[in-house]
């Protein structure tokens with residue numbers, strides 16, 4: 001179900017998008033929504049692609065779309081590659097089949113198709129679309145000035161958390177005013193629907209995003225803003241300016257409800273980290 005705010009007349013500056021399934025909602029998505037509504041600026045909206053789950057929260061800033069109804073290309077992709085081990089993170093290592101997220105394209109495809117659909121939906125309605133992983137907690141009020149400052153501008157198509165390896169894509173800001181934003185969305189989606197991802201070194205969304213970014217830079221189609229650091233390949237999200245306001249509960253951090261202090265590579269003074 002889509003909860004639309006009929007009273008919004010002005011152009012949006014920023015909209016945030018995320019997605020989760022039922023277990024994800026119970027384990028971390030609900031907390032993501034609650035802390036978003038508590039700490040984000042009142043003029044920033046949250047769009048959720050919900051898979052087989054009824055979202056309980058109600059707010060004029062919260063819009064919920066039924067994943068099964070609005071992402072037909074995702075469902076087609078899943079059906080096409082459901083039986084392919086290489087598309088589901090299963091690879092042979094020394095004669096033994098092992099699961100590895102780096103090749104689990106089907107698992108991470110939800111994010112790809114949610115992003116591309118949201119880009120098309122909001123391209124004429126907002127300036128920036130922010131992808132935010134649902135296993136993220138906002139622990140402090142986010143100033144509007146910060147969201148404005150780190151947004152991609154002008155010739156920058158996106159702002160992302162760069163690392164010494166492929167990016168951390170728990171946060172990506174997309175410039176919806178960029179002339180090539182639909183080109184990016186088409187390439188991102190087509191890499192999966194065409195099956196081309198099977199020929200790539202890795203096929204999760206962050207790696208595919210990175211390769212498209214590199215190609216667009218090389219072809220001078222777009223520029224990009226860096227929010228991370230090329231000196232690290234670790235938990236760059238919380239070691240960027242974002243860590244002062246959000247915590248990304250990657251992997252087993254979800255169970256703890258908080259990232260580890262050992263994840264920090266610089267001293268944080270916010271109450272969350274003390």
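The values are calculated or read from the model by the stated rules, or taken from the named source; none is laboratory data. Keep in mind the model is a prediction, meaning the values are calculated, not measured. Cβ atoms come from the backbone with ideal geometry, glycine included; neighbour counts cover every protein chain shown.
So that you can scan it fast, the table gives a plain yes or no per residue for (1) over 19 Å from the mean Cα position of the chain (by Cα); (2) at pLDDT 95 or above; (3) part of a helix (DSSP H, G or I); (4) under 25 Å from residue 258 (Cα atoms):
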position: 19; (1), (2), (3), (4): no, yes, no, yes
position: 23; (1), (2), (3), (4): no, yes, yes, yes
position: 57; (1), (2), (3), (4): yes, yes, no, yes
position: 64; (1), (2), (3), (4): no, yes, no, no
position: 73; (1), (2), (3), (4): no, yes, yes, no
position: 79; (1), (2), (3), (4): yes, yes, yes, no
inquiry  = Going by what's in this entry, would residue 102 be described as in contact with a helix residue (DSSP H, G or I) (Cβ under 8 Å, 6 or more places away or on another chain), under 24 Å from residue 205 (Cα atoms), part of a strand (DSSP E or B) and at pLDDT below 95?
reply    = no
Test: residue 243 is under 30 Å from residue 12 (Cα atoms) and touching a strand residue (DSSP E or B) at 6+ places or on another chain (Cβ under 8 Å) = no
Answer residue from segment 95-120, given it is touching a residue at least 60 places away in the same chain (Cβ under 8 Å) and touching a strand residue (DSSP E or B) at 6+ places or on another chain (Cβ under 8 Å) and is farthest from residue 43 (Cα to Cα) among those = 103
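Looking only at residues that are part of a helix (DSSP H, G or I) and more than 20 Å from residue 75 (Cβ to Cβ) in segment 181-206, which one is farthest from the chain's Cα centre (by Cα)?
199
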key: Residue within segment 127-145 that is in contact with a strand residue (DSSP E or B) (Cβ under 8 Å, 6 or more places away or on another chain), part of a helix (DSSP H, G or I) and at pLDDT 95 or above present   = no
Single residue of 67, 63, 73 found to be surrounded by fewer than 18 Cβ atoms within 10 Å (Cβ to Cβ) and in contact (Cβ under 8 Å) with a residue 24 or more places away in the chain = 73
